[in-house]
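Worksheet: one structure, shown below.
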Amino acid sequence: MFLLEYISNDLLGFLISQYDFILPAAVMVGLTLIAFMLSLFAFGSSPKIFLVDFACYKPPNSLACSKEMVIERLRLHGNFSDESLEFMKKLMKASGLGEATYLSEGLLKEPLDTSTKAARKRRRWWCSELWMSYWARLGYKLSENVLSYNLSGMGCSAGLLSIGLAKTFSR
């Protein structure tokens, strides 16, 4: 016990004699740790992004068709070679699409309606959500800082893309 007391007294005496050196070093280490913790807090975490709402447009069942019907409609159109149609068929098979999809009225008619009028109707039909977001921002008198993005045509990945878009704009 006497030896332990002698060592601790000796160590304490040494530390007291080195006071002018140890105190500034301890303060410097403490300030460095505080600066490191503050930098981790400020720059270490990205802002949290939440997907508040997500909607998918589902066309009427009268416009549903199979992949084979899509290829047949394209074949009837006459603008694609057999090689192109085979490539499209392979692409549809490998893309992970389901067995059913939707075509517009003009592409389901016999003969195919590829007129400008039909194209405008298709555009109004598929882009209705774009106009709703426009009116939500301007027509409903929301503030100018409300941003609206239309991610149409993205399919199943639209939710992930919208979160990525939000993260990009939050930086």
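The values are calculated or read from the model by the stated rules, or taken from the named source; none is laboratory data. Every value quoted in this text rests on a predicted model; they were computed, and no experiment measured them. Note that we place each Cβ from the backbone using ideal geometry, even for glycine, and neighbour counts take in every protein chain shown.
Quick notes on this one:
- Subset of the stretch 86-100 [under 22 Å from T114 (Cα atoms) and either assigned to a loop (DSSP other than H, G, I, E, B) or in contact with a helix residue (DSSP H, G or I) (Cβ under 6 Å, 6 or more places away or on another chain) (or both)]: K89
Residue by residue, here is whether (1) modelled with pLDDT of 70 or more; (2) under 39 Å from the mean Cα position of the chain (by Cα); (3) more than 30 Å from L165 (Cα to Cα) holds:
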position	(1), (2), (3)
F2	no, no, yes
E5	no, no, yes
S8	no, no, yes
L15	no, no, yes
D20	yes, no, yes
A26	yes, no, yes
L33	yes, yes, yes
M37	yes, yes, no
F43	yes, yes, no
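- Restricting K109, K121 to those that are more than 19 Å from L76 (Cα to Cα) and modelled with pLDDT of 75 or more reduces the list to K121.
- Entry remark, the stretch 87-122: residues being charged (D, E, K, R) and within 14 Å of P59 (Cβ to Cβ) number 3 in total.
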